[in-house]
Amino acid sequence: MTLEAFADTIIPGEKRWPGDRAVAGAAPGGGAVAAGAIELLEWDATGISGGLGDFARALNEHALAYAAQHGIALEEDVPPFVALDHAGRTALVALLTAPGHPEKDLWVSLALFSNMAYDSAAHLSTADALAAGHPGLTAMGVTRPGADGLWRFPAYSYGRPLADLHPDTTPSGSPA
Amino acid sequence: MSSPERTDVLVVGSGFGGSITAYHLAAGGAKVVILERGPWLKSDDFEHDFKLGSSYTRAFDFVVGDGMSVLGGNCVGGGSVVYFAAMPRAPRFVFERRGSINRRMWPAAVSRDTLDPWYDRVAESIPITHQGWEDATYAGGLWAAACRHAGRTANPVPAAVDREKCVNCNWMMAGCRFDAKQSLLLNYLPAALAHGAEIRPLHEVQRIERTDDGGYRVHYSVVDDEDYRITAGDGAIDAKIVILAAGAGATPVILQRSEAGLGPMPHAVGRYFSGNGERLNTAVLNEDRVREVLGLDRGDGLAYAANQIGKGPTVANWDRLDGSLPEYTRYSLEQLYFPPGLGTILAQAPGANPGWFGVGKKEMLKRWQSWLIIFQMIEDDNEGVFGPPPARGNADRLSQQMLGIGRLSYKPTANTLRAWEMADADVKDILERDGLATVTPWTNDLVGAYTVHPLASCRIGDDPHTSALDDRHELRGHPGIFVTDGSAVPGALTVNPAMTIAALAERAVPGIVQAARERGVEVTYGAPAPDGSTAGRRGVTTLIPELTRR
C-alpha cells in the first residue's frame, strides 16, 4: 500500500474504488499504479525488488517525521505515508529526491521505475500493453504496431524545404 | 597454470574504435581477437519493445554517476548499433579549442584539413546519406520551419541511414530491424570477420598486465547472456598489441584497475571527461499555432503530432558554429527523438512544481505526440573525473541489464553552465515565438547531466600533463597499448561525434600497424574500404609517413 502511494505520487491516477486509500485520486484516468508500477517494482530484473520492504519502512518513517515537523495528525488505520494527503506526499517525495538528500539515489530509482511502468510499460510487451489498453501508453497516444509487431510510418515528412541552409555548409552536408 | 591463449592484437570493444582498427589489422595479416562485453545481436533480434529484457535494454547501458549519467552501447557493434546515425564532421574551430586551461587541446598534427581525408575514408566505408528535405521527418521539418520563422538557418543532418530501407519507426535505440541504419554490423565487422578476426561477445575485460616478453595479458570475465549482474568464469589472453575501445565510460576504468599490473598511468587517464556538452530541452507544441504560424500540415488533418515518427535527428541549427565567436558560446541545436522511459522521466512540465513528476507531468505526457526534443551540444569544460574503479566492469550493476552505478563525477563549471543557459534561451526564443510551444530543459537534479556521447577520458594531445595518449593514440609510458574510442577525442565537438571517433580510429591504424610490426607481427597497412573501394586509401597516402614516424 505504501509503495502504491509512492507510485501514485509520481504519476497520479483516479481512485480504483470508492475509499481507495493508496491512490489519492489527484488526477483523472489511470496513473502509475493502474499502469502496473507494483508489478514492475516486484520484478527481480529491476534490481530493486529485494529492497522493497525496506523502502516502504523507510518511506513511512520519513512520513512520520514529515508529519511531526508540519504538525499534521495522521490517521493510524493506514501506513503513515498513505495517511498523508496528495500534497503532503508530493512535498515529501520532492524532499527525498532533491540534490543533497543522503538517500536520493534510492528514491530516484523507485521513481524511475514507477514512471517507466506508466510511460513505457517496461514490465509488459509493448504491443500487448497497447492491445490491453495500458493507461500510460494509451494516454500518451502511442500508436499500435502492425500485425508483425513492428511500427512503420509510410508518411513521415512535410517533403519540402522549410529553411535556408547554413551558408557555410560543405559538399558533404557538414558544417565547415 | 596452463599458459593462456595468444593473439597478435587484442581489441577491447567492438564499437567504432574497435571495429575499424580490428578490420584493418586483420586485413593486413594480423591475428585479431575482439572481446565485447555485450551480446551479439543480429537484425532479427532487434525488437520494437520496451519490456525489460528486450533488445532495447540488452543493447545499451545507462550508468548513473555523480553529476553525469552516461548512455553507451553494450553489444557487438557498440554505439553504432544503438546510436541515431548522425554523421556530421566536426567544424574547423573545434580543433583549435584551448579550453579553460588555455592550452591547445588537440595535437598540432590534427586539424579539420588533416582529418578530412580520414573522414573521407569513413564515408567510403559506412554509406552516409547527404539528406535532403524529403528525408527530414515531421519533427525535423517542424524544427526547420521554427528556425526559419526566427530568422535562423537549418540543415538536414548527414546520416548513416539507407533511406530506401528506413520505415521511420524511431526504434533506432533498440537496434535497426530493417538494416536501414548502417551500423558496423553491416560493414567493418563482417569485413574483419572475413579476414579472420574473431569476435567474442559477453567477454568483459577487467584488467591488463605486462608479460615477461614485453607483451600484455588481458583478463576478462564471461558475462551471463540475460542477467549481466552474473558472471560465469574468467580467462586471459596474451597479446603483443592491445587496442582499448571500450567506450569513454569504460576504457579509463580498465586502465585504472590495471595500474597494479602495468605501473602508473598517465595523469589524464580518467580525467578531462567531456559529456560533449549535451543537454536536452522538451518543447510541447501548440498544434493550432504550428498550423497558423508555420503553415505546416501533414495532409491528414494534423499539423504535427508526430513525436513518435522518424529516425532520430534529421535537422540541426548550426548558426552558432562560428569560429569567430568566443569559446563556450558555440553550439548546435539538433532536433532529436528520445523514446519513452529514458526520454520522458527528466522532462519537466512547464510551470509546474514539481516539474518532473506529479499531476503537471501527467498532463504533459498526455501531449506526448506533440513533443519536440531539442538536443544541445555546447563546449563543456572537460570537468569529469573517474573515482576508483568498481569491483567489476565500469559500474555496479543494479538491474539485470542497462542500469548501473558508476564512478564518474562531473561538476559543471561556470563556463559549461553559462553555455547551457545560452542554448536554453536560444531554443526558447525559437520555439516559444508567437505561441508555438512551451519549452523546458530536462532536469539535472535527478541523475545529473546526461550524455549519449561520452568523450575525452583518455585523450590524445601533445601535452603529457593533460593527455593520456600521444598523437598516434599510444598510451604514454605503455608502448603497445592504444586507445581508439571516444575517450581519445580531446573535448566536446559541438556536433554528434561518431564520425570524428571513426575518422580518428582510421587515422590511428598506420601507427598501430607499425607498432605491431616492431613487435614481430607480420602485418601491413593499406586495406581498401570494407566493400573494396580504394579512393579513400589513395586520399590518405601522403599522410602515412607522418603517422609512422618515431
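The values are calculated or read from the model by the stated rules, or taken from the named source; none is laboratory data. Here the structure is a predicted model, which is why all the values come from computation and not from measurement. Counting neighbours? That spans all protein chains shown, and the Cβs are built from the backbone with ideal geometry, glycine included.
In this structure, is B:VAL452 within 21 Å of B:GLY13 (Cβ to Cβ) and either within 14 Å of another protein chain (Cβ to nearest Cβ) or among the aliphatic types (A, V, I, L, M) (or both)? Spelling it out, B:VAL452 is indeed within 21 Å of B:GLY13 (Cβ to Cβ) and either within 14 Å of another protein chain (Cβ to nearest Cβ) or among the aliphatic types (A, V, I, L, M) (or both). Of all the listed residues (B:ASN102, B:ASN187), the sole one being among the polar types (S, T, N, Q) and in contact (Cβ under 8 Å) with a residue 40 or more places away in the chain is B:ASN187. Of all residues assigned to the range B:508-517, at least one qualifies as being over 20 Å from B:VAL218 (Cβ atoms), free of Cβ contacts under 8 Å to residues at least 12 places away in the same chain and assigned to a helix (DSSP H, G or I).
Per the listing A:LEU137, A:LEU162, the residue uniquely over 17 Å from the mean Cα position of the chain (by Cα) and either within 25 Å of B:LEU346 (Cβ to Cβ) or at pLDDT 95 or above (or both) is A:LEU162. Residues that are in contact with a Ser or Thr (Cβ under 6 Å, 6 or more places away or on another chain) and hydrophobic (A, V, I, L, M, F, W, C) within the range B:517-546 comprise just one, B:ALA529. Per the conditions (1) surrounded by fewer than 24 Cβ atoms within 10 Å (Cβ to Cβ); (2) touching a helix residue (DSSP H, G or I) at 6+ places or on another chain (Cβ under 7 Å); (3) of a type in the set (Ser, Thr, Tyr); (4) under 30 Å from B:ASP396 (Cα atoms), the sole criterion not satisfied by B:TYR220 is (2). Can you go through B:ALA197, B:ALA283, B:ALA268, B:ALA236 and tell me which one is more than 23 Å from B:GLN401 (Cα to Cα), of a type in the set (Gly, Ala, Ser) and either surrounded by fewer than 23 Cβ atoms within 10 Å (Cβ to Cβ) or modelled with pLDDT under 95 (or both)? Only one candidate qualifies: B:ALA236.
Could we say that B:ARG103 is within 20 Å of B:ASP381 (Cβ to Cβ) and at pLDDT below 95 here? So B:ARG103 fits the description; yes. Looking across the range A:44-55, the residues that are surrounded by 18 or more Cβ atoms within 10 Å (Cβ to Cβ) and either at pLDDT 95 or above or in a helix (DSSP H, G or I) (or both) come down to A:ALA45, A:THR46, A:PHE55.
On inspection, B:ARG207 fails the criterion of being within 14 Å of another protein chain (Cβ to nearest Cβ), at negative phi and of a type outside the set (Asp, Glu).
Please report, ordered by residue number, the strands (runs of 3 or more DSSP E) entirely within the range B:1-77 with at least 3 residues that are free of Cβ contacts under 8 Å to residues at least 24 places away in the same chain and within 13 Å of another protein chain (Cβ to nearest Cβ). Per the criteria, no element qualifies.
Of the residues contained in the range A:61-83, one or more are found to be of a type in the set (Val, Ile, Thr) and surrounded by fewer than 23 Cβ atoms within 10 Å (Cβ to Cβ). With respect to (1) over 29 Å from B:GLY261 (Cβ atoms); (2) free of Cβ contacts under 8 Å to residues at least 24 places away in the same chain; (3) within 14 Å of chain A (Cβ to nearest Cβ); (4) surrounded by fewer than 17 Cβ atoms within 10 Å (Cβ to Cβ), the lone exception for B:GLU226 is condition (2). Restricting B:GLY247, B:GLY233 to residues that are away from chain A (no Cβ under 14 Å), in contact (Cβ under 8 Å) with a residue 24 or more places away in the chain, touching a strand residue (DSSP E or B) at 6+ places or on another chain (Cβ under 6 Å) and not acidic (Asp, Glu) narrows the list to B:GLY247.
Does B:VAL11 satisfy being over 19 Å from B:VAL222 (Cα atoms), surrounded by 24 or more Cβ atoms within 10 Å (Cβ to Cβ) and in contact with a Leu (Cβ under 9 Å, 6 or more places away or on another chain)? For B:VAL11, the condition - over 19 Å from B:VAL222 (Cα atoms), surrounded by 24 or more Cβ atoms within 10 Å (Cβ to Cβ) and in contact with a Leu (Cβ under 9 Å, 6 or more places away or on another chain) - is not met.
The residues of the range B:340-369 that are more than 8 Å from every other protein chain (Cβ to nearest Cβ), touching a helix residue (DSSP H, G or I) at 6+ places or on another chain (Cβ under 6 Å) and either buried (at least 21 other Cβ atoms within 10 Å of the Cβ) or hydroxyl-bearing (Ser, Thr, Tyr) (or both) amount to a single one, B:ALA349. With respect to the conditions (1) under 15 Å from B:TYR119 (Cα atoms); (2) in contact with a Gly (Cβ under 9 Å, 6 or more places away or on another chain); (3) not in a loop (DSSP other than H, G, I, E, B), B:ALA529 falls short on a single one, namely (3). Inside the range B:299-339, can you point out the residues that are more than 11 Å from chain A (Cβ to nearest Cβ) and buried (at least 20 other Cβ atoms within 10 Å of the Cβ)? Answer for the range B:299-339, where residues must be more than 11 Å from chain A (Cβ to nearest Cβ) and buried (at least 20 other Cβ atoms within 10 Å of the Cβ): B:GLY312, B:PRO313, B:TYR328, B:TYR331, B:LEU333, B:GLU334, B:GLN335, B:LEU336, B:TYR337, B:PHE338.
For the range B:441-462, taking the residues that are surrounded by 24 or more Cβ atoms within 10 Å (Cβ to Cβ) and hydroxyl-bearing (Ser, Thr, Tyr), the one that is nearest to B:ALA250 (Cα to Cα) is identified as B:SER457. The residues listed here are B:ALA414, B:ALA419, B:ALA423, B:ALA468; of these, the one that is away from every other protein chain (no Cβ under 13 Å), without any contact (Cβ under 8 Å) to a residue 12 or more places away in the chain and farther than 30 Å from A:ALA32 by Cβ is B:ALA414. Within the range B:299-332, the set of residues being of a type in the set (S, T, N, Q) and over 15 Å from B:ALA154 (Cβ atoms) comprises B:ASN307, B:GLN308, B:SER324, B:THR329.
Of all the residues in the range B:129-162, those that are at pLDDT below 95 and either in contact with a Leu (Cβ under 6 Å, 6 or more places away or on another chain) or more than 8 Å from chain A (Cβ to nearest Cβ) (or both) number 2. Within the range B:230-242, can you find the residues that are under 28 Å from B:SER55 (Cα atoms) and touching an Asp or Glu at 6+ places or on another chain (Cβ under 9 Å)? Those that are under 28 Å from B:SER55 (Cα atoms) and touching an Asp or Glu at 6+ places or on another chain (Cβ under 9 Å): B:ILE230, B:THR231, B:ALA232, B:GLY235.
Within the range A:12-33, the set of residues being within 12 Å of chain B (Cβ to nearest Cβ) and part of a helix (DSSP H, G or I) comprises A:ALA32 only.
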